[in-house]
Amino acid sequence: MAQDSDNAIRPWRAPVLLALAVIVADQLSKHWAVNRLSGDRIIDVVWTLRLNLAFNSGMAFSRGEGLGPVIAVVATLVIVWLLVSLRTAGGRLNTFGIGAVIGGAAGNLIDRAFRQEGWLRGSVVDFIDFQWFPIFNIADSAINVGAAALILNALIASRQPDPAEVEVEDAADTHEDLDADETAEAKEDPDASEVRNEREDPDADDSGDTDANAGTSDDESVS
């Protein structure tokens, strides 16, 4: 019973732990950004990268302004669907992708649910700014990296042969190899092949002996 329960929980562990790690990192970074970057403060990091506080009521990367409630509902459905799919999910790449997407979607969903205007109408905190790309956050990055991992996993899986087909082909190849070996042995040693055939079909010898005995009995009767 305990082993069955552990087997049922095992597929959930890695992606759920990864999702929790993404949520914690995302919320801590947003809390830092709100407290340190308020008042139009900008921190230049390297090259064009800077930390610049912004609030997004739309989709990831500051798109779809004003669609917060709709996006929140869609994000909730995606999270539930991914959690259900964990029962059959396999492979490290797939596990990583699911965990990253769940964590990123949940991180932004928390913002929409609890920040500013009201339930599912809050704005997402963005602060990573390359200046030539829409401002985003850790949750947005996790969603996109996770989605890329899922797509890559699907492409790899589509190129792998079906295990059932491979098993049938292996069985056919093994049968052909056995036939080839028997043919080669028969050519090299016909007597050995004849002995093997007699061993495989002893009824043939018995029927031959029976016929011979019947012929002898007939001769004796005639005499």
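The values are calculated or read from the model by the stated rules, or taken from the named source; none is laboratory data. Given the structure is predicted, the values throughout are model-derived calculations rather than measurements. Note that we place each Cβ from the backbone using ideal geometry, even for glycine, and neighbour counts take in every protein chain shown.
Numerical summary
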quantity	calculated
Per-region count, the stretch 125-148, residues under 23 Å from Ala72 (Cα atoms) and either outside any loop (DSSP other than H, G, I, E, B) or of a type in the set (Asp, Glu) (or both)	16
Any hit, the stretch 70-77, residues being modelled with pLDDT under 95, among the β-branched types (Val, Ile, Thr), closer than 22 Å to Val24 by Cα and surrounded by fewer than 16 Cβ atoms within 10 Å (Cβ to Cβ)	yes
Failed condition for Val24, given (1) modelled with pLDDT of 95 or more; (2) more than 23 Å from Gly104 (Cβ to Cβ)	(2)
Residues within the stretch 134-152 that are surrounded by fewer than 21 Cβ atoms within 10 Å (Cβ to Cβ) and of a type in the set (S, T, N, Q), tallied	2
Any hit, the stretch 24-43, residues being in a strand (DSSP E or B), more than 21 Å from Ala100 (Cα to Cα) and in the same structural domain as Ala113 (by TED's automatic domain parsing)	yes
